[in-house]
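Below is one structure, written out as structure tokens, with a few remarks after it.
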Amino acid sequence: MKLSEIKVCILRIEGTNCEDETHAAFKETGTRPEKVHLKQLMGTCPASMRRDLADYQVLALPGGFSAGDYVRAGAIFAARMKSALSSDLRRFVRAEKPVIGICNGFQILVELGMLPAFDDVMAKEPQAALATNVSGRFECTPTLLKHENRGKCVSTRKIPGGKTVMFPCAHAEGNLMLPAERKDKLLERLEDNDQIVFRYVDPSGKSAGYPWNPNGSLRNIAGICNPEGNVFGLMPHPERVYRRFTHPDWTRTGDDPNGAGDGMAVFESIAEYVSKKF
């Protein structure tokens, strides 16, 4: 499939605010991103504006504060999606099409039961939670992430294993938690299934506490994928460092400001996967 034929659905509702950056990142890869409101997929809009999820090869859930993050971050967006699009979402994932959720998008995927999705592509109820940061406040800072996936996650295959990248974070609820009574067993499943994609690290590449881990997330986990590897969620924002000039240290490095930023490989991984798969 040619890159120019790959259609990317960037899904939004009221409160979503990172759709422009996500659109720009996918457009840079040569694909065809489109910002789509949930009502367009639900059909509650003029006929000329309706869209069908099956017509897209990629689904992206961008960051923001969908529906004001009332109840829990991402909960209302997820509930609306689940009520109207459950069958479409299941077919999309089973067709091995990639789904990426960034920040609020990760929260939505967890609320949907699409991550960690241990036993089905969409669990009946959430199997994890992204709780309030242990600092008790909104954290907006550059974060260092070590790529620990062994190749299952289709969204990071162009990032070498063990490489540390910088993606900035901007969230108040990113503390990944699992049910206390099954925490150890579920962590073991995540490890065995190669579902852990990124961990927060310090400049030496080792796991560390605050501020390197900005939210207190379990085992420093910053991003996970589903057992099949085509659904990926992470709290930090790769779309904000697609080019080098958006890194906070770019004036000190001497690098080409228009060169590849650390986030570019995520979007190129998705585009390359789709172009070869379909």
Excluding residues fewer than 8 places away in the same chain, name every one of the aspartates and glutamates whose C-alpha is closer than 12 Å to that of Lys277. Glu96
On a 20 Å Cα-Cα criterion, which of the cross-link pairs Lys152/Lys183; Lys97/Lys158; Lys97/Lys185 come out too long? Lys152/Lys183; Lys97/Lys185
Karplus ³J(HN,Hα) for region 138-151 (6.51 cos²θ - 1.76 cosθ + 1.60, θ = phi - 60°; Hz, whole; x = Gly/Pro) runs 5, 10, 10, 7, x, 10, 9, 10, 9, 7, 10, 6, 9, x
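When averaged across all projection directions, what area in nm² does the alpha-carbon convex hull of the chain cover? Present the calculation step by step, with values, prior to reporting the outcome.
Details: hull surface 56.0 nm².
With the hull built on Cα positions only, its mean projection is 14.0 nm².
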If amide H atoms are modeled at 1.01 Å from N in the peptide plane, then the residues at a separation of 5 or more from Gly223, or on another chain, having amide H under 5 Å from its own are Val197, Phe198
Once phi for every residue in region 260-273 is put through the Karplus expression 6.51 cos²θ - 1.76 cosθ + 1.60 (θ = phi - 60°), the whole-Hz ³J(HN,Hα) values, with Gly and Pro written as x, are 5, x, 5, x, 4, 4, 5, 6, 5, 4, 5, 4, 5, 4
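If you rank Ser86, Ser275 by fewest surrounding Cβ atoms within 10 Å, what's the result?
Details: Ser86 13, Ser275 18.
Taking fewest neighbouring Cβ atoms as first place, the list is Ser86, Ser275.
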Could you name the aspartates and glutamates whose alpha carbon sits less than 12 Å from that of Lys82, not counting residues in the same chain fewer than 8 places away? Glu111, Glu125
Quick query: amide H of Gly64 versus all other amide H atoms, modeled in the peptide plane; which residues come in under 5 Å with a sequence gap of 5 or more or a different chain? Asn17, Asn104, Gly105
Per-residue HN-Hα couplings for region 194-202, Karplus 6.51 cos²θ - 1.76 cosθ + 1.60 at θ = phi - 60°, whole Hz, x for Gly and Pro? 6, 9, 7, 9, 10, 10, 6, 9, 8
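Give me Ser155, Ser204, Ser135 ranked fewest to most by other Cβ atoms within 10 Å of their Cβ, as a rough exposure proxy.
Values: Ser155 28, Ser204 9, Ser135 14.
By the 10 Å Cβ count, ascending: Ser204, Ser135, Ser155.
Among Ile159, Ile102, which comes first, then next, by fewest other beta-carbon atoms within 10 Å?
Working: Ile159 23, Ile102 31.
Going from least to most buried by this count: Ile159, Ile102.
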GNM on the chain, C-alpha springs below 10 Å: top fluctuator among Ala47, Ala78, Ala117? Ala47
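Which of the three applies to region 70-169, rounded, prolate or oblate, going by the alpha-carbon gyration tensor with a ≥ b ≥ c and a/c under 1.5 meaning rounded?
Values: a/c = 2.30, a/b = 1.18, b/c = 1.95.
Because a/c hits 1.5 or more and a/b fails to exceed b/c, region 70-169 counts as oblate.
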Using modelled backbone amide H atoms (1.01 Å from N, in-plane), which distant-in-sequence or interchain residues come within less than 5 Å of Phe167's amide H? Thr143, Leu145
Let me know the longest stretch in the chain that avoids all trypsin sites (Lys or Arg not before Pro) found in a DSSP loop with at most 15 other C-beta atoms within 10 Å. 51-123
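Each value in this text was obtained by applying a stated rule to the coordinates, not by laboratory testing. Nothing here was measured: the structure is a model prediction, and the numbers come from that model. Reconstructed Cβ throughout: ideal geometry from the backbone, glycine too, with neighbour counts over all protein chains shown.
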